[in-house]
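Visitor: Below: one structure in structure tokens.
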Amino acid sequence: MKITSGERKRVLILFIFLSIWTLVISAALVKTQVVDYSKHVSKIRKQTNRILSLHAKRGTIYDCRGEVLAISIKAKSAFINNENKQESLKLLYQINKKIKFRSNSRKNSKEYYSIKKRIKAGKNFIWIKRQLTDHEYDALKSIKKPANTRTDLSFIDEYKRIYPQQSTASHILGGVGVDEQGLAGIEYGLDTLIKGKGSKVEVLLDARKKSFKREYIKPPEPGKDIYLTIDAGIQFLVERELQEAVRVNRARGGAVVVMNSSTGSLLAMASCPYYHPDKLRDTSFKTQKNKAISFLYNPGSTFKVVLGATALESNACYPQQIFNCYNGVYKIMNETIYDEHPADRLSFEDIIIHSSNIGAARIGARLGKVSYYNGITRFGFGQRTGIRLPGDETGILRPVKEWSGVSVAYLSHGYEIMVTPLQMARAFNVLANNGFLLQPTVVKSIEGVRLNKEKPVRILSNSTCKRMTSIMTKVTEIGTGKKTRIEGIEIAGKTGTTKKMKSKTRGNNYYVSSFGGFFPAEKPLITMFVVIDEPRGSFYGGDVAAPLFKTIAQRLMIYLNIFPELDKTNEIRL
């Protein structure tokens, strides 16, 4: 069969057309598979992959006996892939019927409207709720996905911080945020050690946008476990008794520090009012403050212990030395100092036993500015205690060159200086520990490795400590601290009552009541300092703080097996 020229032309045109078509297709394939490869792979991955940054498991926090105070457990977190805004909004409406978002009411939930806003903005990945409870997880799992919809609800494992002891030791532990970042207390102070190193997880999605595989791009490194010196049992009973004292005295708040006399380790440190670490984000900043380390106040007559010890150590005075107390009214320059119980003359030890402000001022005058200032700084005032907790205040102690002509007189009975309860506990512990200044500690070990402590510094002689302990024991026997007396055990202590400056808004006079001491006086095991802020009604340290000290001391004697030496006439014979 002979092919005509017309047929040849048609075949040639068809060939040229097919060649051009092949070249166009090939060019398109080259552009798609080579030139735009990265672009299309990125698009596909964006549709089928999700990269999530997840925090590592935080280290567990234990008390000194191994009781768990804070631990992280696995919890489900919910998210959606916002493939279709209208579908996502409908799904959010269903979710809102099943669970409560963080708010007092669903209608006014900022969290709910924040999610809604992100959906409308077209964000691809949206967290619905982190760290779900078991009830919330079961409720959300029951939501059925409508047919032919692209948006779906998915879940992933995270860690959730829980506090088995509830509000116990809340101010020591602090709390964490939703990403388990430390926000307060030990959780914040040692966050770099406790939090570990987070991970990145690639979540693979199928055509229906359901996650079917999870792969770690970067594996997590768990945080380190922390052991505290705190005894959860002691902490609980101290918090309970402090709360009751605050309630009975209708006070604004309070703090109690309980210390091992020989080591400086804190067995309890309570601050009232309390909060629950789980609800840290809903707790006011004022409530979060740890009063034991951040409440600044004038120490009042408890500071006479520092005055007395410094005077004896420098040989400026001796215990039986007599001072003129001017029958309760002492004028110095343009100021007047008064005594609650006027006296003509008092000995050095009676000045402390019966808490004479005028007598203290006379002792201070004998001591002098420079010697007194040096004594105060040796006790650690004007410096942080070094405890591993955020908010550890330095206090306020002005240099000698800024002191006025009446500064020594006022500093002698605890004014013109601001301290914290922990600083006062540390100062009292110097006398309990035979003259050595110890750094208070709250962290016992990290991952089983005990921490190195600062070496104790001797600031008082043994003889000075014995003399002051004898005087402080008489304070609780015949002086202002009689309400701490416990039969069969000697307590060495000192009361304090401080008048706060008048507030422009409140106007009335308010006081701080305090009591510090240690027991048994001869061989101290426990050093304790108690502060009650703004009690109503009676406000003297001997009436408000001293009874609380006694109650806690009695509980501690039972808990720690400290047996009193009872009079033989009271013995029970079998």
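Readers should treat all values here as calculations from the given coordinates under stated rules, not as data from a laboratory. Predicted model, so just to flag it, every value in this text is computed and none were measured. Cβ coordinates were reconstructed from backbone atoms using ideal geometry, including for glycine residues, and neighbour counts include every protein chain displayed.
Visitor: Only Lys, Arg, Asp and Glu count, each charged at its Cβ (+1, +1, -1, -1), so figure out the dipole size of the chain about its Cα centre, rounded to 20 debye. It would help to have the intermediate numbers written out before the result.
Guide: Values: 91 positive and 51 negative charges, 849 e Å.
Once rounded to the nearest 20, the dipole reads 4080 debye.
Visitor: Further, regarding this structure: Expressed as an acute angle from 0 to 90° and rounded to the nearest 10, what is the orientation of the C-alpha long axis of helix 304-313 relative to the principal long axis of the chain?
Guide: Its long axis makes an angle of about 60 degrees.
Visitor: Given 440, 75, 176, which one lies farthest toward the positive end of the charge dipole of the chain, if we put +1 on the Cβ of every Lys and Arg and -1 on the Cβ of every Asp and Glu?
Guide: 75
Visitor: Determine the percent antiparallel among the DSSP beta bridges restricted to the chain, to the nearest 5.
Guide: 95
Visitor: Just how far, in whole angstrom, is segment 7-30 from segment 301-373 if you go by their alpha carbon centroids?
Guide: Each part's Cα centre sits 113 Å from the other's.
Visitor: Please identify every one of the GluC sites (Glu not before Pro) in segment 421-484 that sits in a loop by DSSP and has no more than 14 other beta carbons within 10 Å of its own beta carbon.
Guide: Sparse-neighbourhood loop GluC sites (Glu not before Pro): 447, 454.
Visitor: Continuing with the same structure: Per residue of the chain, what 222 nm ellipticity follows from adding -39500 (n - 2.57) for every DSSP H run with n ≥ 4, rounded to the nearest 500?
Guide: Working: 19 runs with 199 residues, N = 574.
Counting only the DSSP helices, I get -10500 deg cm²/dmol.
Visitor: For segment 322-477, take the alpha-carbon Rg, divide it by the Kirkwood Rh, and send me Rg/Rh.
Guide: Rounded to two decimals, Rg over Rh is 1.03.
Visitor: Also, quick follow-up: Mind listing which trypsin sites (Lys or Arg not before Pro) in segment 236-344 are in a DSSP loop and have 13 or fewer other Cβ atoms within 10 Å?
Guide: Sites meeting the loop and neighbour criteria: 250.
Visitor: Based on other C-beta atoms within 10 Å, arrange 470, 88, 294 from fewest to most. Each step should come with its number before you reach the end.
Guide: Numbers: 470 14, 88 26, 294 19.
Least to most surrounded, the residues fall as 470, 294, 88.
Visitor: Oh, and also: Under the classification rounded if a/c is under 1.5, otherwise prolate if a/b is larger than b/c and oblate if not, where does segment 461-540 fall, given a ≥ b ≥ c as square roots of the Cα gyration tensor eigenvalues?
Guide: Taking the square roots of the gyration eigenvalues as a ≥ b ≥ c, segment 461-540 is prolate.
Visitor: Put +1 on the Cβ of every Lys and Arg and -1 on every Asp and Glu Cβ in the chain; which of 127, 243, 93 then has its Cα farthest towards the positive end of the dipole?
Guide: 93
Visitor: Report the one residue of 112, 557, 275 whose Cα lies farthest in the direction of the positive end of the charge dipole of the chain (charges on C-beta: Lys and Arg +1, Asp and Glu -1; origin at the Cα centre).
Guide: Comparing the listed Cα positions along the dipole, 112 ranks first.
Visitor: Would you order 195, 499 from fewest to most other beta-carbon atoms within 10 Å of each residue's own beta-carbon?
Guide: Least crowded to most crowded, the residues run 499, 195.
Visitor: Please list the radius of gyration and Dmax for the chain, considering alpha-carbon atoms only, with Å as the unit.
Guide: 35.0, 149
Visitor: Moving to a separate point now. Can you put 475, 443 in order, fewest other beta carbons within 10 Å first?
Guide: Starting with the residue having the fewest Cβ neighbours, the order is 443, 475.
Visitor: While we're on this one: May I ask you to evaluate 6.51 cos²θ - 1.76 cosθ + 1.60, the Karplus curve with θ = phi - 60°, for each residue of segment 487-495 and list the ³J(HN,Hα) values in order in whole Hz, giving x for glycine and proline?
Guide: Values per residue, Gly and Pro as x: 4, x, 9, 8, 10, 9, x, 8, 8 Hz.
Visitor: Going through the cross-link list 224/286; 110/279; 455/482, which pairs have a Cα-Cα distance over 27 Å in this structure?
Guide: Going by Cα-Cα distance, 224/286; 455/482 fall outside the 27 Å limit.
Visitor: Convex hull over the alpha-carbon atoms of segment 273-318: what's its volume per residue in Å³?
Guide: 96
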